[in-house]
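The values are calculated or read from the model by the stated rules, or taken from the named source; none is laboratory data. Nothing here was measured: the structure is a model prediction, and the numbers come from that model. Note: ideal-geometry Cβ built from the backbone for every residue, glycine included; neighbour counts use all protein chains shown.
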Amino acid sequence: MAIQQPVAAATLKVVQPGQGRAGRLGPGVGVHFKIDGADTAGALSIVEHPFDVGALVRPHVHTREDEISIMLEGEIGFRSEDQEVVLGPGGYIIKPRNQVHAMWNAGNLPARMIEIISPAGFEGFFRGFADLNDAGPVDLTKVAALAADFGLPYADPDWLPEIIERYGLTPPPSRGSEDRPPHPLR
């Protein structure tokens with residue numbers, strides 16, 4: 001018979017509508033912090049992401065966590081590996097770790113979604129990136145180091161240019177030389 005070790009308990013936290021630190025992640029993509037990993041003993045964290053029209057989160061891979069997105073307003077397109085879908089309010093999607101995925105505003109109105117991150121920890125990337133944006137012009141070398149710290153490689157899949165064109169998205173900046181890291185959220 002296995003002996004169960006005690007598990008740390010979550011703490012009570014109430015977040016009213018409109019509460020929680022807000023930050024900017026990239027052109028047209030924001031973050032509102034709601035529930036941190038410290039609140040759930042590391043089980044999960046929850047943030048909200050507003051997307052302006054034309055906003056794109058460039059393709060990337062989570063190596064340590066899964067993400068569950070729940071649509072609140074507008075339409076957001078998701079592509080994970082070879083599967084693509086556009087969801088409206090009330091839609092859910094799981095983006096499993098180790099799969100290339102991207103998200104974008106697929107409509108002509110602002111959009112908003114809840115992101116559940118499991119296990120917790122990746123909210124630290126969002127916090128660090130928002131801090132870099134708050135400090136002024138973003139140093140891409142610092143963003144690349146932050147992404148590496150959180151196990152977040154970026155990808156350039158063949159399907160990205162077609163999605164940018166089809167939805168009229170703001171494209172990510174040209175990568176230029178390989179020693180210049182890409183901006184992760186545009």
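A few points about this structure:
- Residue that is nearest to Gly54 (Cα to Cα), among those in region 67-83 that are assigned to a strand (DSSP E or B) and small (Gly, Ala, Ser): Gly77
Yes or no, residue by residue, for (1) among the acidic types (Asp, Glu); (2) crowded, with 21+ Cβ neighbours inside 10 Å; (3) over 26 Å from Ala38 (Cβ atoms); (4) in contact (Cβ under 8 Å) with a residue 12 or more places away in the chain:
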{"site": "Asn98", "(1), (2), (3), (4)": "no, no, no, yes"}
{"site": "Ala102", "(1), (2), (3), (4)": "no, yes, yes, yes"}
{"site": "Ala106", "(1), (2), (3), (4)": "no, yes, yes, yes"}
{"site": "Ile114", "(1), (2), (3), (4)": "no, no, no, yes"}
{"site": "Phe129", "(1), (2), (3), (4)": "no, yes, no, yes"}
{"site": "Leu132", "(1), (2), (3), (4)": "no, no, no, yes"}
{"site": "Gly136", "(1), (2), (3), (4)": "no, no, yes, no"}
{"site": "Val143", "(1), (2), (3), (4)": "no, yes, no, yes"}
{"site": "Gly151", "(1), (2), (3), (4)": "no, no, no, yes"}
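- Filter result for Pro161 (free of Cβ contacts under 8 Å to residues at least 40 places away in the same chain, surrounded by fewer than 18 Cβ atoms within 10 Å (Cβ to Cβ) and under 17 Å from Gly28 (Cα atoms)): no
- Within region 34-66, the set of residues being surrounded by fewer than 20 Cβ atoms within 10 Å (Cβ to Cβ), within 12 Å of the chain's Cα centre (by Cα) and closer than 22 Å to Gln19 by Cβ comprises Glu48 only.
- Residue count for region 39-57 satisfying the condition of being on the phi > 0 side of the Ramachandran plot and among the aliphatic types (A, V, I, L, M): 1.
- Candidates Val53, Val47, Val86 - the one that is hydrophobic (A, V, I, L, M, F, W, C), in a loop (DSSP other than H, G, I, E, B) and modelled with pLDDT of 95 or more: Val53
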